[in-house]
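Heads up, the thing below is written out as structure tokens.
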Amino acid sequence: MAILSRIITGVLAQTSFLADTIFTHITVTYEWWVLFAMLIIVNQKHWIQAALKVLGFFLISQTLVFVVEWLLVKEFYFSYWYRWMEMA
């Protein structure tokens with residue numbers, strides 16, 4: 001889920017006809033990410049399992065979003081990536 005959703009997110013963020021829409025801002029806003037985290041949390045039986053899966057989800061997904069964007073536009077948005085890693 002983390003890998004597939006982040007590759008799609010990275011591609012959507014760099015699609016030109018979606019400029020200045022929710023799809024291009026999904027990599028820097030948190031609403032969608034909170035939704036994904038809540039879906040992971042409510043499907044776990046133990047709190048430690050939920051916490052570890054959400055941590056892994058954010059570490060994998062956010063790194064992949066910025067790697068995909070880097071491959072598409074040849075620019076790595078380190079300041080955003082660093083902020084997301086702090087939150088994760």
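The values are calculated or read from the model by the stated rules, or taken from the named source; none is laboratory data. Because the structure is a prediction, the values reported are computed rather than measured. Ligands, DNA and RNA are excluded from the accessible area calculation, which covers all protein heavy atoms including side chains. Shrake-Rupley method; radii C 1.70, N 1.55, O 1.52, S 1.80 Å.
Numbers at a glance
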read-out	value
Matching residues, the stretch 1-48, being open to solvent by less than 30 Å² (accessible area, probe 1.4 Å), at pLDDT 75 or above and among the β-branched types (Val, Ile, Thr)	Ile40
Residue in the stretch 55-65 that is at pLDDT below 75 and at negative phi present	yes
